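The next block holds one structure in the form of structure tokens; read it before the comments.
Each value in this text was obtained by applying a stated rule to the coordinates, not by laboratory testing. Keep in mind that this is a model prediction, so the values were computed, not measured. Cβ atoms come from the backbone with ideal geometry, glycine included; neighbour counts cover every protein chain shown.
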Amino acid sequence: MTVRGDRAAALTATSSSHSPSVSSSVPGSTPALDLRRILTDTPAASHRAYLNNAGAALMPRVVVDTVKAHIDLETTVGGYEAAALAADRHQQVYASVATLLGASQDEIALTENATVAWQMAFYALRFAPGDRILTVQAEYAANYVAYLQMARRTGVSIEVIPNDTCGQTDVAALARMIDGRVKLISVTWVPTNGGLTNPAAAIGRIARAARIPYLLDACQAVGQMPVDVDALGCDMLSATGRKFLRGPRGTGFLYVRRGMLEQLEPPMIDHFAAPWTAVDTYTLRNDARRFETWESNITAQLGLGAAIDYAQALGLPAIEARCHALAQRLRNGLNSLPGVTVHDLGERPSAIVSFTLPGLAASTVVGFAHQQKIAIGSSDPSSTLLDARARSLPAVVRASPHYYNTETDIDRLVACCDALLQGTQP
């Protein structure tokens, strides 16, 4: 069924002056994005409203072509030979990641995904009974269960920094929690739901002043907004390729500040991370690639590099402005519907919009949207258990627009939700 009716038409009428074939920007702030070119580079966006970028974004043509080309090369000459032929381009991926983050190439490791990147950093730290880990209320489940495991192993305590009145991490409260027993501040910058953007740079200033290691999960931030590790003050940062960067699945990376490297021995090593230098000796690499292994997915990593270069060419400030404007349009539209609750927090919410419709399960909303060729997702309370319990959240619908989306895409989702509320769904 297609959403129809006068009310649906009224909801979409506001987008009539917008076209994917014209540039769009926030006046007076950032250069315009060429939406005509972007949509040409993103064929799938022409036949569905793809609003699930916090899950896995649509790859641009250049990424797909890069991946296919290397697969074809492997088919022709073999995997090892193809890697040798692509060695210079593969090395350039490290330069691309470093440029994206404002880091140096020797501070970058490429990993299979963001979880591996985060784990390699976290489990390289040393903890003892009485040590304290400080984290945030909206921390992601994969990270929090690692804290719990470390607490069982070592006796470290896990303490949650309170939120301020806006719902983001309270920096003043964090400052009051600092003492000599705090051995790690670990933060999810942009949580998986709730629209929040935590004050990562302000947290970094406190961590740096106290000389406490600071691990930042930037999965939902990279590709959505500019990232500068020096301004953030983080010692370690993990991220994925598949979300707002629009890279292939199975890609991620880890940044480790050069001054932090010598303090960290990876929890697992092989002869690439630590060459076997004598019968009874190994020597760790002197760069962040000590967190890698010899075998890696060259194909996917080349695609990651292409995705980063594509985003950099467009400009992260312009991307951030576009994402913010589309997300705010969606929040405004949802807030205009009776009974809909938008569950987003923070002074400047991200491009992740979390909401519920009265009397309807998130899965119902996602399924109906799918019938309308609108891709959205949902977030279960177990993903951010502390936040979900504190706010009594059920599973929420999660829509995450990106710069290749149009205003019409946004209004179609609002109309879809309205149709569900009006009972016009099948």
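Remark: the range 397-411, residue by residue, has Karplus-estimated 3J(HN,Hα) of 6, 10, 10, 9, x, 10, 5, 7, 6, 9, 4, 4, 4, 4, 5 Hz, where x stands for each Gly or Pro and the curve is 6.51 cos²θ - 1.76 cosθ + 1.60 at θ = phi - 60°. Here the residues Arg126, Arg285, Arg211, ranked from fewest to most Cβ neighbours within 10 Å of their Cβ, fall in the order Arg211, Arg126, Arg285.
For the chain, relative contact order (Cα pairs under 8 Å, six or more residues apart, normalised by length) works out to 25 percent.
DSSP finds beta bridges in the chain, and of those with both partners inside it, around 55 percent are antiparallel. Could you let me know the centre-to-centre spacing of the range 334-368 and the range 118-185, using Cα atoms, in angstrom? Taking the Cα centre of each part, the range 334-368 and the range 118-185 sit 29 Å apart. As a rough footprinting exposure proxy, the listed residues Glu74, Glu292, Glu81 were ranked by other beta carbons within 10 Å of their own, and the order from fewest upward is Glu81, Glu74, Glu292. Straight-line reach from Lys68: taking Cα to Cα under 22 Å and skipping same-chain neighbours fewer than 8 places apart, the lysines in range are Lys243. First select every other residue whose beta carbon is under 12 angstrom from the beta carbon of Gly250; then total the charges, Lys and Arg +1, Asp and Glu -1. Every neighbour counted, the sum reads +1. Here His402, His271 are placed in order of increasing Cβ neighbour count within 10 Å, fewest first, which gives His271, His402.
Among residues other than Met260 with Cβ under 15 Å from its Cβ, the summed charge is +2 (Lys and Arg +1, Asp and Glu -1). Direction-averaged projected area, Cα convex hull, the range 350-426: 5.5 nm², rounded to one decimal.
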